[in-house]
Amino acid sequence: QVQLVESGGGLVQAGGSLRLSCAASGRTFSSYATGWFRQAPGKEREFVAGVSDSGGNTYYADSVKGRFTISRDNAKNTVYLQMNSLKPEDTAVYYCAARRIIYIATSTSEYDYWGQGTQVTVSS
């Protein structure tokens with residue numbers, strides 16, 4: 001069993017930066033691919049970025065490519081999402097998710113564990 005806890009959300013002006021963290025419990029976390037998803041009001045939850053178990057492979061949604069960077073520190077059981085050049089349309093609740101497979105996936109149904117989410121609000 002893995003528990004995920006996100007932190008780092010908040011209110012920021014357009015063009016600003018935030019770094020989200022996802023702290024995981026469980027000794028096998030380093031064997032799991034991890035992803036960040038987001039959900040804006042009235043919209044479906046969407047994939048943002050993913051990282052493989054080792055951190056060697058990453059994948060991004062087109063909407064955040066070049067602005068967001070996902071990384072992980074398996075020694076600390078933590079995954080990060082560095083968000084730069086934030087836009088108002090990035091406003092959403094951001095969720096961390098992990099799957100019991102080493103490869104990245106982009107569908108919510110392919111993830112086994114979820115955090116409670118952290119709110120990111122970007123003002124114009």
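Restricting to bridges with both residues inside the chain, how much of the DSSP beta-bridge set is antiparallel, in percent to the nearest 5?
Given both bridge residues lie in the chain, the antiparallel proportion sits at roughly 90 percent.
Hey, what do the phi angles of segment 16-32 turn into as Karplus ³J(HN,Hα) couplings, whole Hz, using 6.51/-1.76/1.60 and θ = phi - 60°, x for Gly and Pro?
Those phi angles translate into x, 9, 9, 10, 8, 10, 10, 8, 10, 9, x, 6, 9, 4, 5, 9, 10 Hz.
Measuring from label point to label point, each 7 Å out along Cα→Cβ, what is the Ser7 to Lys43 span in nm?
It works out to 2.7 nm between the two label points.
Given R₀ = 35 Å, FRET efficiency for Ile101-Asp62 by Cβ-Cβ distance, to 0.05?
According to the calculation, E is roughly 0.90.
With a probe of 1.4 Å, find how much accessible area segment 1-89 has per residue, and write the answer as a whole number in Å².
It amounts to 52 Å² per residue over segment 1-89.
Suppose R0 equals 30 Å. What FRET efficiency, 1/(1 + (r/R0)^6) with r the Cβ-Cβ distance, do Arg27 and Gln82 give to the nearest 0.05?
Efficiency computed from Cβ-Cβ geometry: 0.70.
Using a 7 Å offset from the Cα along the Cα-to-Cβ direction at both Glu110 and Ser54, what is the distance between the two label points in nm, to one decimal?
Going by the 7 Å Cα→Cβ label model, 1.9 nm.
In straight Cα distance, which lysines are under 27 Å from Lys43, not counting same-chain residues fewer than 8 positions off?
Of all the lysines, those that pass the test against Lys43 - Cα under 27 Å, at least 8 places apart if same chain - are Lys65, Lys87.
The values are calculated or read from the model by the stated rules, or taken from the named source; none is laboratory data. Quick caveat: nothing in here was measured; it's all calculated off a predicted structure. Backbone-built Cβ (ideal geometry, glycine too); neighbour counts: all protein chains shown. In case anyone asks, the SASA skips ligands and DNA or RNA and just uses the protein heavy atoms, side chains included. Shrake-Rupley method; radii C 1.70, N 1.55, O 1.52, S 1.80 Å.
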